[in-house]
1. Can you tell which of Met44, Met229, Met317 shows the greatest fluctuation in a Gaussian network model of the chain with Cα springs below 10 Å?
2. Between rounded, prolate and oblate, where does region 173-329 land on the alpha carbon gyration tensor, with a ≥ b ≥ c its root eigenvalues, rounded for a/c under 1.5, else prolate if a/b exceeds b/c?
3. Could you work out the helix-only [θ] at 222 nm for the chain, with each DSSP H run of four or more residues adding -39,500 (n - 2.57) and the total divided by the number of residues, to the nearest 500 deg cm²/dmol?
4. Of all beta bridges DSSP finds with both residues in region 183-237, what is the antiparallel percent, to the nearest 5?
5. Filter the DSSP H helices in the chain by two things, a Kyte-Doolittle mean of at least -1.0 and an axial alpha-carbon span of 30 angstrom or more, and list the hits by number.
6. Could you line up Asp69, Asp177, Asp191 from fewest to most neighbouring Cβ atoms inside 10 Å?
7. Shape verdict for the chain, please, from the Cα gyration tensor: rounded (a/c under 1.5), prolate (a/b greater than b/c) or oblate.
8. So how do Thr90, Thr266 line up by other beta-carbon neighbours within 10 Å, fewest first?
Amino acid sequence: MEKTIDVVALGELLIDMTNNGVSATGNTLFEANPGGAPCNVLAMLKKFNHSVGFIGKVGDDIFGNSLKDIVGQVGINTEGLVVDKDARTTLAFVQTFEDGDRDFSFYRNPGADMMLTKDEVNVDLIKKAKIFHFGTLSMTHPQVREATLYALKVAKESGAIITFDPNLREPLWNSLDEAKEQILEGMKYCDYLKISDNEIQWLTGIEDYTEAVHKIRETYKIPLITVSMGRDGSRVFYYGTDAKDESKEIIVDVAPFLSDKTIETTGAGDTFCGCVIHYILDTGLDNFDEAKLKEMLTFANGAASLITRVKGALKVMPEIKDVQELIQA
């Protein structure tokens with residue numbers, strides 16, 4: 001099938017109920033922001049004018065119908081989005097701390113996103129995709145896990161590049177052992193792994209990020225791996241298409257764009273991931289060199305910095321010109 005869509009993502013589409021001050025009577029106010037990591041990634045890719053599509057499920061309720069409208073307005077293909085009259089759209093209440101970091105409380109027992117079935121996966125959409133992107137919130141429960149693994153097999157067989165952001169949310173798993181098992185299962189398929197500092201240390205039991213990546217690559221020959229390191233910026237590991245040729249390893253570090261305007265970090269990793277996927281589309285996995293990797297991380301770090309200065313993510317992804325102005329300043 002002809003590859004007519006740049007990126008298709010599968011996973012959660014939900015409402016981030018974000019702390020937005022207090023009422024006159026002292027009660028906490030929450031703002032209903034559209035969210036969900038896979039759609040955040042797609043929204044960033046739309047800023048580059050890429051064609052993108054989403055596969056997932058929302059409830060036939062005020063939140064789900066609003067999300068479908070918003071995703072369509074952003075320019076994301078919704079052919080793969082199922083609206084289920086018997087389900088309720090997942091909510092994630094986000095508590096933001098003074099340093100911009102967050103804690104999540106999920107209302108998802110069950111939530112519509114975890115009720116996607118294998119039969120509801122839009123196979124044609126996946127076969128048209130140059131890149132298939134996923135995370136692990138669609139692997140926390142047996143039904144949606146089956147749908148995710150089925151979609152991954154279709155993507156692999158159709159020749160798509162597969163990108164993976166584990167995006168660990170501990171409260172959603174029965175146990176961290178189960179989470180680790182499913183993340184490792186996802187690594188069997190992926191060509192680009194986006195992982196955070198705390199995730200890779202937990203996953204491997206190794207403090208040093210470079211050693212931890214080498215540990216992962218003993219089993220999973222992933223050509224491109226980025227580690228997000230918070231206030232220390234980001235690091236990329238590149239191995240080319242010949243994943244067995246260890247002599248081709250290139251490692252690049254880029255500092256972050258720290259700002260006193262940071263409000264919260266919601267969506268920062270997704271924005272970063274979307275930028276990296278753009279560079280994969282633009283450059284090709286087998287054409288990176290040190291200069292291109294540095295350019296990629298610099299842009300991704302800049303975009304991630306800008307998204308931390310606003311509330312929400314999906315509707316407010318940074319404009320390309322604004323990122324360029326930041327990184328050239």
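Quick note: the coordinates plus some simple rules give every number you see, no bench work behind them. Only a predicted model underlies this, so the values are computations on that prediction, with no experimental measurement involved. For neighbour counting, all protein chains shown are included, and Cβ atoms are generated from backbone atoms with ideal geometry for every residue, glycine included.
1. Looking only at Met44, Met229, Met317, the largest GNM fluctuation is found for Met229.
2. Verdict is oblate for region 173-329.
3. Calculated at 222 nm, the ellipticity per residue is -11000 deg cm²/dmol.
4. If I count the DSSP bridges inside region 183-237, around 45 percent turn out antiparallel.
5. none
6. Asp177, Asp69, Asp191
7. Because its axes are fairly even, with a/c under 1.5, the chain counts as rounded.
8. Thr266, Thr90
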